[in-house]
Each structure stands twice: as structure tokens, then as C-alpha cells.
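Just below is one structure, and these are the notes that go with it.
The values are calculated or read from the model by the stated rules, or taken from the named source; none is laboratory data. Please read these numbers as outputs of a predicted model, since none were measured by experiment. Cβ placement follows ideal geometry from the backbone for every residue including glycine, while neighbour counts extend to all protein chains displayed.
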Amino acid sequence: MNRDIFKKAPHNPPHLFLPNTIYMLTASIYKNERLIQSRKRKLQWVESFLKSAEIYSWQVIAWVVLDNHYHAIIQSPEKAETLSQFTASYHKYTARCWNEEDQRNGRKVWWNYWDTCIRSERDYYNRLRYVFWNSVKHGLAEKPEEYPFSNYKDFLLSWQMDFSFTYMDEVSDVPEF
Ligand code: NI
């Protein structure tokens, strides 16, 4: 039987972690500074995010990284309570790299993350579209496939060709920066 785990984060209500649950995850840079503006840093974020997911056995479904935040859709392993360790792992690594590069040892880089459980298939597709279209929302691309810092292209290659996001609903509870 699964053990239900409650975690209390300072900016979130008490919160149930369950195995094999799909989450939407968002985190931003402290004070919304554009610390991830360069291509190099976006790639460092992607690499360490995917590596940490592998280490903590979280399955990555979708991701997009912008100049001062990212959004992702991830599926929890059996030990779902590792979400905070998983995010801390690549947050710490990227903070260390960027602080060293900017000669700002000890600077606070990441702000708290925000996560929500995906509740239905409809909710899943709405949020998937939200992640893939986020570069367009932020004015960084005209079409989602033109933005290099998301996995939308991989998704298009692996997905059935006739799938369309056209009729999805707007998602309005995601923090933006
Ligand atoms: Ni965004």
C-alpha cells in the first residue's frame, strides 16, 4: 500500500505526494533577474535538470526554459517525496556555476518552486500546451517549434501526427515572470 506523504512548503498549502503522479513544476530566479539569458546557461540548466531527473528517477515529459524561469511536466517515481531533493540538486549545481562565473559567491539564485498535481487527461494536455507555447507567450518565438530551449521538437517526433493542441483550454493558475 502506498504511504501518503504530506509536505509543508512555506509558500504552498500542505500537499500530498503520491507515486506515479504527474506534476507541473515552475521555478524562477530570485527577484526575476534574467540570469538564464545566455544560450550557454539555458543549456547548463537543461543538462543538469535532465541529469538530476535521472538520478532521482523522475520522468521528464515536457520542459521549457526562459530567461528567468522554467516550466516542466514531470512524473514522480515510487518515492514521490524526492521532489524537493530533485529540484535542489540542479538548482544548487546551476547556482554554483553561475555564481562562480559572475564572481558572486553565495548569491541567492533560485526562488522557491511552485508545483501542482495534474488532475485529469484534459488538465494534462492543457498544461502540456502551456509549457510548449510558453516561449510564444513570452515573445521569444513566433511558433513553439522555433524556440530551441524546450523539448517540443522531440515531442513532435515521438507523437502521433494528427494530435492537435488547438482546442485546449487556457491554464490560468501558473505563476509567470
Ligand atoms: Ni513562463
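Computed quantities for the displayed model
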quantity	calculated
Which numbered condition Ile118 fails, given (1) under 20 Å from Gln37 (Cβ atoms); (2) crowded, with 18+ Cβ neighbours inside 10 Å	(1)
Failed criterion for Ser164 (all others in (1) more than 13 Å from the ligand (Cβ to nearest atom); (2) in contact with a helix residue (DSSP H, G or I) (Cβ under 9 Å, 6 or more places away or on another chain) hold)	(2)
Counted residues, segment 44-61 - those being assigned to a helix (DSSP H, G or I) and without any contact (Cβ under 8 Å) to a residue 60 or more places away in the chain	11
Residues of segment 47-61 that turn out to be surrounded by fewer than 20 Cβ atoms within 10 Å (Cβ to Cβ), within 19 Å of Asp154 (Cβ to Cβ) and either in contact with a Cys (Cβ under 8 Å, 6 or more places away or on another chain) or of a type in the set (A, V, I, L, M) (or both), as a count	3
So Cys97, is it in contact (Cβ under 8 Å) with a residue 12 or more places away in the chain and farther than 29 Å from Ser172 by Cβ	yes
Members of segment 29-61 found to be within 13 Å of the ligand (Cβ to nearest atom) and acidic (Asp, Glu), listed by number	none
Members of segment 62-87 that are in a loop (DSSP other than H, G, I, E, B), at pLDDT 95 or above and either surrounded by fewer than 23 Cβ atoms within 10 Å (Cβ to Cβ) or more than 10 Å from the ligand (Cβ to nearest atom) (or both)	Asp67, Asn68
Among (1) more than 16 Å from the ligand (Cβ to nearest atom); (2) surrounded by 17 or more Cβ atoms within 10 Å (Cβ to Cβ); (3) of a type outside the set (Lys, Arg); (4) modelled with pLDDT of 95 or more - the single one Phe155 does not satisfy	(4)
Hits in segment 138-147 - residues which are touching a helix residue (DSSP H, G or I) at 6+ places or on another chain (Cβ under 8 Å) and surrounded by 15 or more Cβ atoms within 10 Å (Cβ to Cβ)	Ala141, Pro144, Tyr147
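Yes/no per residue for (1) more than 16 Å from Met24 (Cα to Cα); (2) of a type in the set (S, T, N, Q):
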| residue | (1), (2) |
| --- | --- |
| Glu78 | yes, no |
| Tyr93 | yes, no |
| Asn105 | yes, yes |
| Tyr125 | no, no |
| Glu146 | yes, no |
| Asp154 | yes, no |
| Leu157 | yes, no |
| Glu176 | no, no |
